[in-house]
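Following: one structure in structure tokens, then a few remarks.
The values are calculated or read from the model by the stated rules, or taken from the named source; none is laboratory data. Since we're looking at a predicted model, the values are computed, not measured. Here the Cβ positions follow ideal geometry from the backbone for every residue, glycine too, while neighbour counts run over all protein chains shown. Protein only, heavy atoms only, side chains kept; ligands, DNA and RNA dropped before computing areas. Shrake-Rupley method; radii C 1.70, N 1.55, O 1.52, S 1.80 Å.
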Amino acid sequence: MGSDTKILIVDDHEDTLYALESALAPLGYDLGRATSGDEALKRVLRGQVGLLLLDVRMPGVSGLDVVRYLRRLEQTQHIPVVLLTGYGPDHELTSTAFQLGVADLLMKPVDPWALRTKVRYLYDAHQRHQALEREVRELRALIETETQPDKPGARLPVQRDRRGPTRAQDRT
């Protein structure tokens, strides 16, 4: 898809990882996998994760623990997270998940069509958001260099004549 950002799939069951990868393969996105919350955190903190599909209940660091940690860091707080659970509807889990800012909570087994639709929307929206943030940073840097000419590489602002047209210009 022309991006080096991955969708990271995290589950402690190999068969679930395979099923989710198979469901998402038609989208053509770069997929990564992790089998624990610890591994997921390490992969996300290394960068280049644009969407996280995360099992809620895993041994050790749970999916909710991963989300709690990611939301505290500026570099990871906007990564969309879709939580997956195989334990059926749970009001407390749903409430906690959405309070943490997850994008969605899906029950396993996941409908492949619905998963692809949600992932495509969330991933593409995150990519657009990242591109806009980069553009804003570049524009701010450009403005800063143009308004502070003492910095190396800075350009002087264009001086415009604010006196208005002269008599000679009026006649043309």
Exercise for the section: May I ask for the distance between the Cα centers of region 83-107 and region 1-64, given as a whole number of Å? Expected result: 17
Handout entry: Two-site label geometry, Arg120 and Ala141: point separation in nm, points 7 Å out along Cα→Cβ
Key = 3.4
Completion exercise
Once Gln48 and Tyr18 are pulled to full extension, the length gained, defined as 0.36 nm per residue separation minus their Cα-Cα distance, is 8.7 nm
Practice task
Mind checking region 1-93 for trypsin sites (Lys or Arg not before Pro) that DSSP puts in a loop (not H, G, I, E or B) and that have at most 16 other Cβ atoms within 10 Å?
Solution key: Arg46, Arg57
Fill in the blank from the handout: Counting sequence-distant residues (5 or more places) and residues on other chains, those with an amide H built under 5 Å from that of Lys6 are Val49, Gly50
Exercise for the section: Between Arg68 and Leu132, with labels modelled 7 Å along Cα→Cβ, what's the label distance in nm to one decimal, could you check? Expected result: 3.1
Handout entry: Solvent-accessible area per residue for region 37-128 (1.4 angstrom probe, square angstrom)
Key = 53
Exercise for the section: State whether region 1-61 is rounded, prolate or oblate according to the following rule on the C-alpha gyration tensor (a ≥ b ≥ c being the square roots of its eigenvalues): a/c under 1.5 gives rounded; otherwise a/b larger than b/c gives prolate, and the remaining case gives oblate. Expected result: oblate
Completion exercise
Quick note, region 15-136: a/c under 1.5 would make it rounded; otherwise a/b > b/c is prolate and the rest oblate (a ≥ b ≥ c, C-alpha gyration tensor); here it is rounded
